[in-house]
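Okay, so here's the structure we're looking at.
The values are calculated or read from the model by the stated rules, or taken from the named source; none is laboratory data. What you are looking at is a predicted structure, and each value in this text was computed from that prediction instead of being measured. Ligands, DNA and RNA are excluded from the accessible area calculation, which covers all protein heavy atoms including side chains. Shrake-Rupley method; radii C 1.70, N 1.55, O 1.52, S 1.80 Å.
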Amino acid sequence: MMQTAALIAAISFALLALAGMFALVKLARFMSESSFLVKDLRERGGVLLDRANLAVDGAQAAVDRAATQLDRADSVTASMDELGTGMAELAGQVSALASFGRALTSGPVGRAAAVAYGVRRAVGLRRSRAAQADRRTLPGAVMDRESRKFETDGATR
């Protein structure tokens, strides 16, 4: 009986050793898979971090461009304010000049200038009528270029 008990104990120990070996093999396989997953995760994590850094850099560049555009808009606004001030000053000067011109034309100098213009215009019209009378042109008459004679309705004068 002792031998049977020793045999049962030896078989039980062998079975326990086999179960332990099976558990250790499974644990070793699990550890190798997990180390592979951790390695893959580190590689992908590095790629993800690189992409995140690129995205942050792109966002920073966009913010910098926006700040530059805002600075340009501020300078344009300031120059428009200066332009508005200059235009207001110019409008005041034009208004003063217009009132001076109105005063000048409504006074005696303006009247004398109007009379001089009228006389000059009348003399010019009179001279042009005298020149037309010398040429003896008739309204609607066509001048023949070769003979320099006047024709009206096919009749020569």
For this session: First check a/c for segment 1-56, with a ≥ b ≥ c the square roots of the eigenvalues of its C-alpha gyration tensor; if it is under 1.5, answer rounded, and if not, answer prolate when a/b is larger than b/c or oblate otherwise.
Result: prolate
Seminar exercise, completed: The distance between the Cα centres of segment 13-58 and segment 107-128, in whole Å, is 109 Å
Exercise. Using a 1.4 Å probe on the protein chains only, how many percent of the accessible area of segment 37-84 belongs to carbon and sulfur?
Worked result: 62 percent
Exercise. Across segment 70-78, in residue order, what do the Karplus-derived ³J(HN,Hα) couplings come to in whole Hz, using 6.51 cos²θ - 1.76 cosθ + 1.60 with θ = phi - 60° and x for Gly and Pro?
Worked result: 5, 5, 5, 5, 5, 5, 5, 4, 5
Problem set entry | Per residue solvent-accessible surface (Å²) - segment 1-107, probe of 1.4 Å | 87 Å²
